[in-house]
Amino acid sequence: MYFVLAALRAEPLHGHAISKAVKELSGGRVQPSVGTLYGILERLNERGVIQVDREEVVNGRNRRYFRITDDGRALVEAEARRMQAAAALVLRPAAS
Amino acid sequence: MTTTGPSRPAASPARTPSALERRYRRLLLAYPRPYRAAHGDELLDVLLESADPGRTVPALKEAWGLLVGGVRSRVIHQARGSAWADGLHLAVTAVAAANLAALLPYAGTLPLWTPLSALALLAILRGRVLAAFPLTLLTGVKAVAIAGGWQPLDLTLLPVHPTFLSDLPLYGDSSPPAVAAGYAVVLTGLLVLASRRQPVPTRSWWWCAVVPAAAWAGPDWMAESTALPLSLSRMAVETAAFGLAAAACYLARDHRWALASGVYLLVASGRFIEFADHLTRQHLAYWGVLLVLTLGAAFAPFRQRRHCLD
């Protein structure tokens, strides 16, 4: 979920673009299947963390573009700060 | 061609879907119909775009993701409306299916009462609680009468011998109170649901497939002298149903399936209490499994979120 929200911070994206952005942002470590990715998107949408920005029809198939909401932005930034603080416990120079 | 706006997909020219598309469409059947209708093509689009060129068989990861995602979506889709009313209807359905399963092997000797019981289950499955009530009441009176050796409605030669699926006489190992408990739970549940004066949802036709499996007394695995022989096929059906209920409670963080499991377990426990002095370790182990699954279902919705985005 973290990488999905991180991917959506820049601009609204559709499913395939989110999938590629997640892979890129995580350095290839996170590659959710399409079923998993859409499960995450539906849950984030239900909680109001993301919402559908617009719909397009490409090659006869509907394509939803998702965008992050203000709540979602605050949530992912809080999570980033939490992880930064946790990482600092280990990575800061040891007091001599 | 690209169009913008929240519009319906444009009709595409007729074309032959590739083998990969056909296989992904079959996997998408795991999702509930409304979700498939709204977003099936969207998922298919992403799946085909993500696929390696020349691939004709879905990647294992994608296939598993669709199956798990579909089941999860079905569970979430079910967890709507009043949890207690839906859980009660589910419990009534399960106990009514068990009541019919008890009569099914005797359909040849009870040609009126077994179809009546099947009609009662059918009415419950279709959400027709008012129609189900008299059918359940009539069948219940006859069932309790057979268990007690009474003849209030019509003459029936006792004991009632099975025609298939079993080799024990009807209610040979049940007392009238234990039989009455199953019907009383269904009747009470139907009354409560009818008093709400709100539409009752329909249930899956898969419940009809559960009945013969629960009715079958085989395969033999317990000693012939056992007072309360447990049917292996029925145990498999009940364990699977209780396991699914626990998984659904976990996924949806909702109690409706736990309520149904709890009510069914109470009814099923009646027979174990009746034979308390004759229970073997197998009986206690099986009852323990059902109890653990029910408790698991009851506590699963309280599971902690691992982090704020979970």
When you scan the range B:196-205, do you find a residue that is under 10 Å from the mean Cα position of the chain (by Cα), of a type in the set (V, I, T) and either buried (at least 16 other Cβ atoms within 10 Å of the Cβ) or under 17 Å from B:P162 (Cβ atoms) (or both), even just one?
no
Test: residue in the range B:57-71 that is surrounded by 20 or more Cβ atoms within 10 Å (Cβ to Cβ), at pLDDT 95 or above and assigned by TED's automatic domain parsing to the domain that holds B:A215
no
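For the range B:154-177, which residues satisfy the criterion of being of a type in the set (A, V, I, L, M, F, W, C) and either without any contact (Cβ under 8 Å) to a residue 40 or more places away in the chain or not in a loop (DSSP other than H, G, I, E, B) (or both)?
Going through the range B:154-177, the residues of a type in the set (A, V, I, L, M, F, W, C) turn out to be B:155, B:157-158, B:160, B:164-165, B:168, B:170.
B:L155, B:L158 - these are the residues of the range B:154-177 that are of a type in the set (A, V, I, L, M, F, W, C) and either without any contact (Cβ under 8 Å) to a residue 40 or more places away in the chain or not in a loop (DSSP other than H, G, I, E, B) (or both).
Considering every residue within the range B:47-54, establish whether at least one is within 19 Å of B:A209 (Cβ to Cβ) and in contact with a helix residue (DSSP H, G or I) (Cβ under 6 Å, 6 or more places away or on another chain).
Filtering the range B:47-54 down to residues within 19 Å of B:A209 (Cβ to Cβ) leaves none.
No, that holds for no residue.
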Quick check on my filter: what residues within the range B:37-80 are facing chain A (nearest Cβ under 10 Å), charged (D, E, K, R) and within 14 Å of B:R23 (Cβ to Cβ)?
B:E62
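Of the residues A:R47, A:R54, A:R63, which single one is crowded, with 16+ Cβ neighbours inside 10 Å, under 25 Å from B:I76 (Cβ atoms) and within 13 Å of chain B (Cβ to nearest Cβ)? Let's see the steps before the verdict.
On the way: A:R47 fails: crowded, with 16+ Cβ neighbours inside 10 Å; A:R54 fails: crowded, with 16+ Cβ neighbours inside 10 Å.
Just a single option satisfies the conditions, and that option is A:R63.
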Would the range A:22-41 turn up any residue that is in a helix (DSSP H, G or I), facing chain B (nearest Cβ under 9 Å) and surrounded by fewer than 17 Cβ atoms within 10 Å (Cβ to Cβ)?
no
Can you name the residue in the range B:227-242 that is assigned to a helix (DSSP H, G or I) and crowded, with 16+ Cβ neighbours inside 10 Å and is also nearest to the chain's Cα centre (by Cα) among such residues?
B:A241
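Answer yes or no as to whether A:Y65 is of a type in the set (S, T, Y) and modelled with pLDDT of 95 or more. Break it down stepwise before answering.
On the way: of a type in the set (S, T, Y): yes; modelled with pLDDT of 95 or more: yes.
Judged against the criteria, A:Y65 is a match.
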Candidates B:Y250, B:Y264, filtered to the one that is in the same structural domain as B:N99 (by TED's automatic domain parsing), of a type in the set (F, W, Y) and surrounded by 20 or more Cβ atoms within 10 Å (Cβ to Cβ)
B:Y264
B:L104 in contact (Cβ under 8 Å) with a residue 24 or more places away in the chain, in a helix (DSSP H, G or I) and closer than 20 Å to B:P229 by Cα:
yes
Residue by residue through the range A:42-61, note down the ones that are touching a residue at least 40 places away in the same chain (Cβ under 8 Å) and either part of a loop (DSSP other than H, G, I, E, B) or over 17 Å from the mean Cα position of the chain (by Cα) (or both).
A:V49, A:R54, A:E56
Filtered residue count, the range A:66-89, keeping only those that are among the polar types (S, T, N, Q) and either within 15 Å of the chain's Cα centre (by Cα) or within 8 Å of chain B (Cβ to nearest Cβ) (or both)
1
Determine the pairs where a residue that is touching a residue at least 12 places away in the same chain (Cβ under 8 Å), located within the range B:194-218, has a partner that is charged (D, E, K, R) with Cβ atoms under 7 Å apart, the partner being 6 or more residues away or on another chain.
B:P201/B:D86; B:T202/B:R126; B:A214/B:R234; B:A217/B:D167
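The values are calculated or read from the model by the stated rules, or taken from the named source; none is laboratory data. Note that the coordinates shown come from a computational prediction; the quantities given were computed from them, not determined experimentally. Cβ: placed from backbone, ideal geometry, glycine included. Neighbour counts: every protein chain shown.
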